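The structure appears below as structure tokens.
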Amino acid sequence: MTVPGGRWIQHWDPEDETFWKETGERVARRNLFFSVLSEHIGFSVWTLWSVLVLFMGPEYGLTPADKFLLTSVVTLVGAVVRVPYTFAVAVFGGRNWTIVSAGLLLVPTVAAFTVMEPGTSFSTFLLVGLLAGIGGGNFASSMTNINAFFPLRKKGWALGLNAGGGNIGVPVIQLVALAIIGAGGGPRVLLGIYIPLILVAAVLAARHMDNLASVRNDTGAAKDAARDAHTWIMSVLYIGTFGSFIGYSFAFGQVLQTQFGRTPLQAAYLTFIGPLLGSLIRPLGGRLADRYGGARITLGNFVAMAAATAVLVAASMAKSLALFVAVFVVLFVLSGLGNGSTFKMIPGIFQNKALAQGLTGEEAVAYGRRLSGASMGLIGAVGALGGVAINLAFRQSFLSVGSGTGAFVAFLAYYAVCFAVTWAVYLRRPAVRVPAGPAGPARAQDRPDYLHV
């Protein structure tokens, strides 16, 4: 059914298998595809400055510390705007906001096209970098929207594909930059390519996406999610996974240039590999979480991330470029895998809370869908702040000791914290079940069982 101002679906029940097979799956997949497209370009615009700094040679007058500060500012804005972008889906509708958020990407892209030349002040670059941060918000609104389209049993795969397709915007813009640098082109060529792509994404969203009436005007869901401890616990874990992914995506090329003396072209040949593989594996992380439980996959993943980081410390101290790049790529892959598993955990956590409160059937499903969708935006916002911390940690490490070794030691400690939190909250002990009896049905006496979320 349509209403003035957009295409609205009034009835949506993906948990009904008949509805899903006859109507729901086709509509959900169509919305997923065009959501991925818009989010993909949003990620490219958000990480634009991780590429542009490679073009900025000595004639720009920027130090390595200046460049790390610049990318930190871009990451910070991308994290902060995820909060209002989450609300925007409930206020305007998923389709409508996808059109608006895609169109807004023109602002930072055109602004960067205008100022990208030697002689521009550092403060101007910082201001334009602030604008580029809005590209990071597309993730939050896209995930909140797509979460409502899919049934619980499909969320790990769907959310992993949605986020992974968006994340691929990072290596794609790096690959395009590599081709432009190799051909002797400048940064304005790169920006000129993306301006028409933004327009295409907005038009396609307008033509092919839908709004869900059940999601609109539920701005109170974000407030309820913010009051729930699991929103902040999962934020800690998502800092470790997505914060690592986006932080390393911004910093990898600069680390190669500053610590290992690579030229912009040499760095560009290497920087895209990690983000590409990390993006591609994110749906697999969701799929594994669907099958084995997100908490289990996340726990093992943090063990592997800590081990890889320990090897990175050794490679950094030994100044071994080959080992450093190889293990950094592995760390990207693990961050992508963890991104998929952590986001699969979120719907399961709130669904289990609904059951523990005695809710059943559609009422339980609606509770879980409502809070998980809202919490994803908040968790995504806090998780992205990890990217800010990573860039600031690299900046301080290079200022203090001339290498990134100190930063990697800090990251190793954080992954240990994430391991401990995952085990203590979600895997340490299952709920103690009280069997059904005269007093009522079986219930969780202790707490909900999160072992399989």
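Dipole size of region 156-273 about its Cα centre, with +1 on Lys/Arg Cβ and -1 on Asp/Glu Cβ: approximately 260 debye, rounded to the nearest 20. Asp228 contributes an accessible area of around 10 Å² to the protein surface, as traced by a 1.4 Å probe with all chains present. Rounded to whole numbers, the Karplus 3J(HN,Hα) couplings from phi for region 55-63 are 7, 8, x, x, 5, 7, x, 9, 7 Hz, using 6.51 cos²θ - 1.76 cosθ + 1.60 with θ = phi - 60°, and x at Gly and Pro. Computed over region 12-95, the Cα gyration tensor eigenvalues convert (square root of 5λ each) into semi-axes of 41, 15, 8 Å, ordered from largest to smallest. Projection of the Cα convex hull of region 281-409, averaged over all directions and equal to a quarter of that hull's surface, yields 8.9 nm². Between the listed residues Ile379, Ala307, Gly286, the Cα displaced farthest toward the positive end of the dipole of region 273-399, a dipole computed from Cβ unit charges relative to the Cα centre, is found at Ala307.
Helix 94-104 and the long axis of the chain differ in direction by around 10°, with both axes built from C-alpha atoms. Got a sec? Which residues in region 26-70 would a label at His208 touch, if it sits 7 Å along Cα→Cβ and we count backbone N under 16 Å? Those under the cut-off are 26-42. When Rg and the Kirkwood Rh are both derived from Cα coordinates, the Rg/Rh ratio for region 110-229 amounts to 1.05. Among the listed pairs Lys67/Lys344; Lys67/Lys155; Lys155/Lys223; Lys154/Lys223; Lys21/Lys344, those with a Cα-Cα distance over 31 Å are Lys67/Lys344; Lys67/Lys155.
Computed from backbone phi with θ = phi - 60° and the Karplus coefficients 6.51, -1.76 and 1.60, the 3J(HN,Hα) list for region 167-180 is 4, 4, x, 5, x, 5, 5, 5, 5, 4, 4, 4, 5, 5 Hz; x is used for glycine and proline. For region 339-416, the fraction of 1.4 Å probe accessible surface lying on carbon and sulfur atoms is 64 percent.
Among 53-66, 329-342, 169-182, 75-88, sorting by the average number of other beta carbon atoms lying within 10 angstrom of each residue, highest first, gives 329-342, 75-88, 169-182, 53-66. Can you tell me, using C-alpha contacts under 8 Å and at least 6 residues apart, the relative contact order of region 95-225 as a whole percent? Computed over region 95-225, the figure is 44 percent. Over the chain, accessible surface divided per residue gives 37 Å², non-protein components excluded, 1.4 Å probe. The residues neighbouring Asn339, those whose beta-carbon lies less than 13 Å from its own, together hold a net charge of +3 under the Lys/Arg +1, Asp/Glu -1 convention. Put the Cα centre of region 96-121 next to the Cα centre of region 197-263 and the gap is 18 Å. Rounded to the nearest 10 square angstrom, Ile349 shows an accessible area of 0 square angstrom against a 1.4 Å probe. Between Ser320 and Glu22, the simple label model (points 7 Å from Cα in the Cβ direction) yields a spacing of 6.2 nm. Note: relative contact order over the chain, using C-alpha pairs below 8 Å and six or more positions apart, is 23 percent. For region 412-424, 3J(HN,Hα) computed residue by residue from phi via the Karplus equation (6.51, -1.76, 1.60; θ = phi - 60°) reads 4, 5, 5, 5, 5, 4, 4, 4, 5, 5, 4, 5, 5 Hz, glycine and proline entered as x.
When the convex hull of the C-alpha atoms of the chain is computed, what volume per residue in Å³ does it have?
Dividing the Cα hull volume of the chain by its residue count gives 131 Å³.
With each label modelled as a point 7 angstrom along the Cα→C-beta vector, the Ala356-Val100 pair spans 3.6 nm. For Phe139, what charge total do you get from the other residues with a beta carbon under 10 Å from its beta carbon, if Lys and Arg give +1 and Asp and Glu give -1? Charge balance in the 10 Å sphere: 0. Site pair Arg188 and Ala226 shows an inter-label distance of 4.3 nm when each label is modelled 7 Å from Cα along Cα→Cβ.
Which value in deg cm²/dmol, rounded to the nearest 500, describes the helix-derived mean residue ellipticity at 222 nm for the chain, given -39,500 (n - 2.57) per DSSP H run of n ≥ 4 and division by the residue count? Helices in the chain give a 222 nm mean residue ellipticity of -24500 deg cm²/dmol. The amide H of Arg262, built 1.01 Å from its N in the peptide plane, has Gln257 as neighbours under 5 Å, considering only residues 5 or more places off or on other chains.
If only the Cβ of Lys and Arg carry +1 and only the Cβ of Asp and Glu carry -1, the dipole of region 250-371 around its Cα centre is close to 60 debye. Of the whole protein surface, Met209 contributes about 0 Å² of accessible area at a 1.4 Å probe radius. Annotation: amide H of Leu212 within the under-5 Å range of Ile9, Gly94, Arg95, sequence separation 5 or more or interchain, hydrogens built in the peptide plane.
The values are calculated or read from the model by the stated rules, or taken from the named source; none is laboratory data. Note that this is a predicted model, so its numbers are computed, not measured. So basically every Cβ, Gly included, is an ideal-geometry build from the backbone, and we count neighbours across all protein chains shown. All accessible areas refer to the heavy atoms of the entire protein, side chains included, with ligands and DNA or RNA removed. Shrake-Rupley method; radii C 1.70, N 1.55, O 1.52, S 1.80 Å.
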